[in-house]
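First comes the structure, then the notes that go with it.
The values are calculated or read from the model by the stated rules, or taken from the named source; none is laboratory data. Note that this is a predicted model, so its numbers are computed, not measured. Please note: Cβ atoms are built from the backbone with ideal geometry, for glycine as well, and neighbour counts cover all protein chains shown.
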Amino acid sequence: LSPQTLITLQAQVSAVHLSAPIVAYCHDILVFTRRSSRFAYGLSPRAGLGLLRAARAWALLAGRDYCLPEDVQVVLPACLPHRLTDSGDGAGEVHEDIADYILAGVPVA
């Protein structure tokens, strides 16, 4: 991958459309983690921006110029667990089911 190709791909990812409902869905995910007693700290706005960037990249790889809720869902397990810490007995650990827990708790509107 050449530097120019990388720059071109980054520009293409930035051009992938994010509708208001997709942004709201991502926001709901952040709010869910902040309100959940499972986590010591919730996700930051920067985590949300990273999630949206990854979802856009996934949509581009799928050949689309728009993002779907499924794009957010598929990248969530790779983007967020390292940013969360359990607040319970396993303090400091994040369990493998974290993505399933979040996705089950945040419906797609």
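Points worth noting:
- Hey, Val108 surrounded by fewer than 19 Cβ atoms within 10 Å (Cβ to Cβ), β-branched (Val, Ile, Thr) and not in a helix (DSSP H, G or I) or not: yes
- In the stretch 20-61, the residues that are free of Cβ contacts under 8 Å to residues at least 60 places away in the same chain, buried (at least 18 other Cβ atoms within 10 Å of the Cβ) and over 22 Å from Gln10 (Cβ atoms): Leu30, Phe39, Leu43
- Any hit, the stretch 48-68, residues being under 19 Å from Leu103 (Cβ atoms), in a loop (DSSP other than H, G, I, E, B) and in contact with a Gly (Cβ under 8 Å, 6 or more places away or on another chain): no
- Listed by first and then second residue, the pairs linking a residue in the stretch 62-77 that is closer than 15 Å to Ala15 by Cβ to a residue that is of a type in the set (Val, Ile, Thr) and at pLDDT 95 or above, with Cβ atoms under 6 Å apart and 6 or more places separating them unless they lie on different chains, are Asp65/Val16; Cys67/Val16; Cys67/Ile22.
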